[in-house]
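**Q** This structure is in C-alpha coordinates; I'll ask about it shortly.
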Amino acid sequence: MNQKIVKMIALGASALVIVLGWCWPAQAQDAKTPYASMAPLDQYLVADRNAEIALARSAAPEAISRDADVLVMGRHGYETAVKGKNGFVCVVERGWMGPFNGDNAANFWNPKVRGPVCYNPPAARSILPLTYKRTEMILAGQSKAQIIDGIKTFIKHELPPLEPGAMAYMLSKDQYLTDDDHHNWMAHLMFYTPLMDGAVWGADLPHSPVMLNPQFNGAPEPIDVFMVPAGRWSDGTAAPVR
(Lines give C-alpha, C1' and ligand atoms only; values in the text may rest on other atoms or scores of the structure.)
Protein backbone atom coordinates (compact mmCIF):
# COMPACT_ATOMS: atom_id res chain seq x y z
CA MET A 1 0.00 0.00 0.00
CA ASN A 2 1.32 3.47 -0.79
CA GLN A 3 1.51 6.49 1.44
CA LYS A 4 -1.52 8.14 -0.16
CA ILE A 5 -3.69 5.30 1.07
CA VAL A 6 -2.15 5.39 4.52
CA LYS A 7 -2.88 9.12 4.83
CA MET A 8 -6.56 8.50 4.15
CA ILE A 9 -6.98 6.72 7.47
CA ALA A 10 -5.39 9.36 9.76
CA LEU A 11 -7.83 8.68 12.55
CA GLY A 12 -7.17 6.59 15.12
CA ALA A 13 -8.70 4.08 16.87
CA SER A 14 -10.46 4.86 20.10
CA ALA A 15 -13.25 6.18 22.49
CA LEU A 16 -13.76 9.82 23.53
CA VAL A 17 -15.49 12.13 26.01
CA ILE A 18 -17.32 15.48 25.44
CA VAL A 19 -17.73 17.69 28.50
CA LEU A 20 -19.36 20.91 27.37
CA GLY A 21 -22.93 22.06 27.72
CA TRP A 22 -22.44 24.86 25.23
CA CYS A 23 -21.27 25.05 21.62
CA TRP A 24 -17.66 25.82 20.86
CA PRO A 25 -17.62 28.94 18.71
CA ALA A 26 -16.81 28.21 15.10
CA GLN A 27 -13.90 30.08 13.59
CA ALA A 28 -13.30 31.04 9.99
CA GLN A 29 -11.80 28.19 8.02
CA ASP A 30 -8.97 28.76 5.59
CA ALA A 31 -9.73 27.53 2.07
CA LYS A 32 -6.64 25.32 2.13
CA THR A 33 -7.40 24.09 5.65
CA PRO A 34 -11.14 23.41 5.73
CA TYR A 35 -11.02 22.18 9.34
CA ALA A 36 -8.59 24.59 10.97
CA SER A 37 -10.40 24.67 14.33
CA MET A 38 -13.11 22.93 16.29
CA ALA A 39 -16.64 23.27 14.90
CA PRO A 40 -19.70 23.87 17.10
CA LEU A 41 -20.22 20.96 19.48
CA ASP A 42 -23.55 19.91 17.95
CA GLN A 43 -21.78 18.96 14.73
CA TYR A 44 -19.83 16.24 16.55
CA LEU A 45 -22.90 14.74 18.21
CA VAL A 46 -25.30 12.11 16.86
CA ALA A 47 -28.85 13.26 17.52
CA ASP A 48 -30.30 9.74 17.66
CA ARG A 49 -28.80 7.81 20.59
CA ASN A 50 -29.93 4.47 19.17
CA ALA A 51 -28.31 5.32 15.84
CA GLU A 52 -24.97 5.88 17.55
CA ILE A 53 -25.31 2.60 19.43
CA ALA A 54 -25.97 0.78 16.17
CA LEU A 55 -23.06 2.54 14.45
CA ALA A 56 -20.68 1.65 17.30
CA ARG A 57 -21.76 -2.00 17.19
CA SER A 58 -21.20 -2.13 13.43
CA ALA A 59 -17.45 -1.93 14.08
CA ALA A 60 -17.26 -5.66 14.79
CA PRO A 61 -19.13 -8.82 13.83
CA GLU A 62 -22.42 -9.21 15.69
CA ALA A 63 -21.06 -12.23 17.57
CA ILE A 64 -18.64 -9.83 19.29
CA SER A 65 -20.49 -6.52 19.43
CA ARG A 66 -23.77 -7.91 20.80
CA ASP A 67 -22.06 -8.63 24.15
CA ALA A 68 -19.76 -5.59 24.21
CA ASP A 69 -20.03 -2.40 26.23
CA VAL A 70 -21.30 0.38 23.97
CA LEU A 71 -20.44 4.03 24.58
CA VAL A 72 -22.23 7.06 23.15
CA MET A 73 -21.08 10.66 23.23
CA GLY A 74 -23.31 13.25 24.85
CA ARG A 75 -22.87 16.88 25.81
CA HIS A 76 -21.29 15.94 29.10
CA GLY A 77 -19.08 13.12 27.97
CA TYR A 78 -19.08 9.54 26.81
CA GLU A 79 -21.66 7.40 28.55
CA THR A 80 -22.11 3.66 28.79
CA ALA A 81 -25.29 3.18 26.81
CA VAL A 82 -25.16 -0.63 26.93
CA LYS A 83 -23.35 -2.73 29.51
CA GLY A 84 -21.80 -5.81 27.96
CA LYS A 85 -20.30 -9.01 29.29
CA ASN A 86 -17.38 -10.01 27.04
CA GLY A 87 -14.88 -7.22 27.87
CA PHE A 88 -15.02 -5.59 24.42
CA VAL A 89 -15.90 -1.90 24.15
CA CYS A 90 -17.48 -0.43 21.00
CA VAL A 91 -17.53 3.32 20.40
CA VAL A 92 -17.70 5.87 17.59
CA GLU A 93 -14.51 7.96 17.44
CA ARG A 94 -14.27 11.54 16.23
CA GLY A 95 -11.50 12.98 14.08
CA TRP A 96 -9.37 14.33 16.91
CA MET A 97 -8.07 10.86 17.64
CA GLY A 98 -5.82 11.21 14.59
CA PRO A 99 -2.37 12.80 14.40
CA PHE A 100 -2.01 16.30 15.86
CA ASN A 101 0.09 17.83 13.09
CA GLY A 102 1.32 17.32 9.55
CA ASP A 103 -0.41 16.07 6.41
CA ASN A 104 -2.20 13.32 8.32
CA ALA A 105 -3.91 15.84 10.62
CA ALA A 106 -6.29 17.15 7.95
CA ASN A 107 -9.33 15.52 9.59
CA PHE A 108 -8.46 16.35 13.20
CA TRP A 109 -11.38 18.81 13.52
CA ASN A 110 -13.54 17.35 10.74
CA PRO A 111 -17.01 17.12 12.37
CA LYS A 112 -18.15 14.55 9.79
CA VAL A 113 -15.65 11.91 10.90
CA ARG A 114 -17.27 8.88 12.51
CA GLY A 115 -14.91 6.01 13.25
CA PRO A 116 -16.73 3.04 14.79
CA VAL A 117 -14.18 0.91 16.61
CA CYS A 118 -14.52 -2.09 18.88
CA TYR A 119 -11.63 -2.73 21.28
CA ASN A 120 -10.79 -6.14 22.64
CA PRO A 121 -10.31 -6.36 26.45
CA PRO A 122 -6.52 -5.65 26.47
CA ALA A 123 -7.01 -2.60 24.24
CA ALA A 124 -10.00 -1.41 26.27
CA ARG A 125 -7.79 -1.38 29.35
CA SER A 126 -4.60 0.09 27.88
CA ILE A 127 -5.59 2.11 24.76
CA LEU A 128 -9.00 3.47 25.69
CA PRO A 129 -7.60 5.63 28.55
CA LEU A 130 -5.56 7.60 26.01
CA THR A 131 -8.61 8.57 24.03
CA TYR A 132 -10.46 9.71 27.13
CA LYS A 133 -7.49 11.84 28.14
CA ARG A 134 -7.07 13.42 24.70
CA THR A 135 -10.71 14.38 24.55
CA GLU A 136 -10.85 15.66 28.09
CA MET A 137 -8.13 18.19 27.32
CA ILE A 138 -9.51 19.11 23.90
CA LEU A 139 -12.89 19.88 25.39
CA ALA A 140 -11.26 21.94 28.11
CA GLY A 141 -10.08 24.27 25.34
CA GLN A 142 -6.39 23.43 25.57
CA SER A 143 -4.10 24.00 22.61
CA LYS A 144 -2.53 21.08 20.75
CA ALA A 145 0.80 21.89 22.41
CA GLN A 146 -0.81 21.79 25.86
CA ILE A 147 -2.57 18.54 25.04
CA ILE A 148 0.66 16.92 23.89
CA ASP A 149 2.38 17.96 27.12
CA GLY A 150 -0.58 16.70 29.13
CA ILE A 151 -0.51 13.34 27.42
CA LYS A 152 3.20 12.97 28.16
CA THR A 153 2.47 13.54 31.85
CA PHE A 154 -0.48 11.15 31.71
CA ILE A 155 1.65 8.45 30.12
CA LYS A 156 4.35 8.89 32.75
CA HIS A 157 2.12 8.83 35.82
CA GLU A 158 -1.28 7.29 35.03
CA LEU A 159 -1.53 5.29 31.82
CA PRO A 160 -1.53 1.50 32.33
CA PRO A 161 1.19 -0.36 30.41
CA LEU A 162 0.27 -1.42 26.89
CA GLU A 163 -1.07 -4.96 27.18
CA PRO A 164 0.07 -7.72 24.82
CA GLY A 165 -2.60 -8.68 22.33
CA ALA A 166 -4.27 -5.25 22.24
CA MET A 167 -6.25 -4.91 18.99
CA ALA A 168 -9.44 -3.44 17.59
CA TYR A 169 -11.99 -4.05 14.85
CA MET A 170 -12.92 -1.34 12.32
CA LEU A 171 -15.26 -3.24 10.03
CA SER A 172 -18.16 -0.80 9.77
CA LYS A 173 -19.53 -0.28 6.29
CA ASP A 174 -20.91 3.05 7.56
CA GLN A 175 -17.65 4.49 8.90
CA TYR A 176 -16.75 7.98 7.66
CA LEU A 177 -12.99 8.36 7.80
CA THR A 178 -12.24 10.84 5.05
CA ASP A 179 -13.83 13.41 2.77
CA ASP A 180 -12.27 11.65 -0.21
CA ASP A 181 -14.42 9.58 -2.57
CA HIS A 182 -14.32 6.43 -0.44
CA HIS A 183 -15.59 7.77 2.89
CA ASN A 184 -15.53 4.35 4.52
CA TRP A 185 -12.04 3.49 3.22
CA MET A 186 -11.98 -0.26 3.87
CA ALA A 187 -12.64 -2.85 6.57
CA HIS A 188 -9.54 -3.42 8.66
CA LEU A 189 -8.10 -4.68 11.93
CA MET A 190 -5.71 -2.67 14.10
CA PHE A 191 -2.93 -4.07 16.27
CA TYR A 192 -1.23 -1.96 18.96
CA THR A 193 2.46 -2.41 19.75
CA PRO A 194 5.29 -0.48 21.40
CA LEU A 195 7.21 1.72 18.97
CA MET A 196 9.18 -0.41 16.55
CA ASP A 197 10.55 -0.52 13.02
CA GLY A 198 7.60 -1.14 10.70
CA ALA A 199 9.80 -3.52 8.73
CA VAL A 200 9.34 -6.03 11.57
CA TRP A 201 5.76 -6.37 10.31
CA GLY A 202 6.67 -5.85 6.67
CA ALA A 203 4.54 -2.73 6.80
CA ASP A 204 4.12 -0.52 3.72
CA LEU A 205 6.32 -2.71 1.54
CA PRO A 206 5.24 -3.50 -2.05
CA HIS A 207 2.25 -5.88 -2.08
CA SER A 208 2.25 -6.21 1.70
CA PRO A 209 -1.24 -5.97 3.24
CA VAL A 210 0.17 -4.45 6.44
CA MET A 211 0.15 -0.67 6.91
CA LEU A 212 1.60 1.47 9.69
CA ASN A 213 -1.09 3.90 10.84
CA PRO A 214 0.30 7.36 11.75
CA GLN A 215 -2.31 7.76 14.51
CA PHE A 216 0.07 7.73 17.50
CA ASN A 217 3.54 6.76 16.28
CA GLY A 218 5.35 8.42 19.19
CA ALA A 219 3.74 11.83 18.73
CA PRO A 220 3.42 11.75 21.69
CA GLU A 221 1.95 8.33 22.50
CA PRO A 222 4.70 5.64 22.45
CA ILE A 223 2.48 3.30 20.46
CA ASP A 224 2.42 2.01 16.90
CA VAL A 225 -0.79 0.89 15.19
CA PHE A 226 -0.48 -1.70 12.45
CA MET A 227 -3.49 -2.10 10.15
CA VAL A 228 -4.44 -5.17 8.14
CA PRO A 229 -7.33 -5.23 5.62
CA ALA A 230 -10.05 -7.69 6.60
CA GLY A 231 -11.74 -8.15 3.22
CA ARG A 232 -15.21 -8.24 4.79
CA TRP A 233 -17.46 -5.75 6.55
CA SER A 234 -18.91 -6.65 9.92
CA ASP A 235 -22.13 -7.87 8.26
CA GLY A 236 -20.15 -10.46 6.32
CA THR A 237 -20.37 -8.82 2.90
CA ALA A 238 -17.24 -8.39 0.82
CA ALA A 239 -15.23 -5.21 1.44
CA PRO A 240 -12.90 -3.84 -1.25
CA VAL A 241 -9.19 -3.82 -0.47
CA ARG A 242 -7.91 -0.61 -2.00
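The values are calculated or read from the model by the stated rules, or taken from the named source; none is laboratory data. If you're wondering where the values come from, they're calculated on a predicted model, not measured in any experiment. Ideal geometry is used to build each Cβ from the backbone, glycine not excepted, and the neighbour counts take in all protein chains shown. Surface areas here come from the heavy atoms of the whole protein model, side chains and all, with no ligands, DNA or RNA. Shrake-Rupley method; radii C 1.70, N 1.55, O 1.52, S 1.80 Å.
**Q** Residue check: is GLU136 in a helix (DSSP H, G or I), acidic (Asp, Glu) and under 16 Å from the mean Cα position of the chain (by Cα)? So that I can check it myself, show each step before the final result.
**A** On the way: in a helix (DSSP H, G or I): yes; acidic (Asp, Glu): yes; under 16 Å from the mean Cα position of the chain (by Cα): yes.
Yes, satisfied.
**Q** Related question: Taking ASP103 as meeting all but one of (1) within 15 Å of the chain's Cα centre (by Cα); (2) under 30 Å from GLY231 (Cα atoms), write down the number of the exception.
**A** Tallying (1) within 15 Å of the chain's Cα centre (by Cα); (2) under 30 Å from GLY231 (Cα atoms), ASP103 fails exactly one: (1).
**Q** Follow-up question, since we're still on this one. Filter the range 172-192 for residues that are open to solvent by 10 Å² or more (accessible area, probe 1.4 Å) and closer than 14 Å to ILE64 by Cβ and give the result.
**A** Across the range 172-192, the qualifying residue is only LEU189.
**Q** Name the pairs: first residue in the range 138-157 and open to solvent by 50 Å² or more (accessible area, probe 1.4 Å), second residue among the aliphatic types (A, V, I, L, M) and assigned to a helix (DSSP H, G or I), Cβ to Cβ under 8 Å, at least 6 apart or on different chains?
**A** GLN146/MET137
**Q** Can you tell me which residue is modelled with the lowest pLDDT among those in the range 35-69 that are of a type in the set (S, T, N, Q) and part of a helix (DSSP H, G or I)?
**A** Here the answer is GLN43.
**Q** Restricting to the range 158-171, and then to whatever is touching a residue at least 60 places away in the same chain (Cβ under 8 Å) and in a loop (DSSP other than H, G, I, E, B), can you tell me which residue is surrounded by the most Cβ atoms within 10 Å (Cβ to Cβ)? Talk me through it step by step, then tell me what you get.
**A** At the first step, the residues of the range 158-171 found to be touching a residue at least 60 places away in the same chain (Cβ under 8 Å) are 162, 168-171.
Pick out the ones that are also in a loop (DSSP other than H, G, I, E, B) and you get 162, 171.
Working: LEU162: 20, LEU171: 27.
Looking at residues that are touching a residue at least 60 places away in the same chain (Cβ under 8 Å) and in a loop (DSSP other than H, G, I, E, B), I get LEU171.
**Q** Moving to a separate point now. Checking the condition modelled with pLDDT of 95 or more and either within 30 Å of ALA238 (Cβ to Cβ) or open to solvent by less than 50 Å² (accessible area, probe 1.4 Å) (or both), which residue from VAL72, VAL91, VAL17 passes?
**A** VAL91
**Q** Residues that are farther than 26 Å from LYS156 by Cβ and touching a strand residue (DSSP E or B) at 6+ places or on another chain (Cβ under 7 Å): which strands (runs of 3 or more DSSP E) entirely in the range 173-232 hold 3 or more of them? I'd like the intermediate steps shown before the answer.
**A** Details: elements: 188-194, 211-213, 223-229.
Output list reads 223-229.
**Q** In the range 94-110, which residue that is open to solvent by less than 20 Å² (accessible area, probe 1.4 Å) and farther than 19 Å from ALA168 by Cβ is modelled with the highest pLDDT?
**A** ASN110
**Q** Now a separate question. Which of the residues spanning the range 75-88 are open to solvent by 40 Å² or more (accessible area, probe 1.4 Å) and either basic (Lys, Arg) or in contact with a Leu (Cβ under 9 Å, 6 or more places away or on another chain) (or both)?
**A** Listed by number, the residues that qualify are ARG75, HIS76, GLU79, THR80, LYS83, LYS85.
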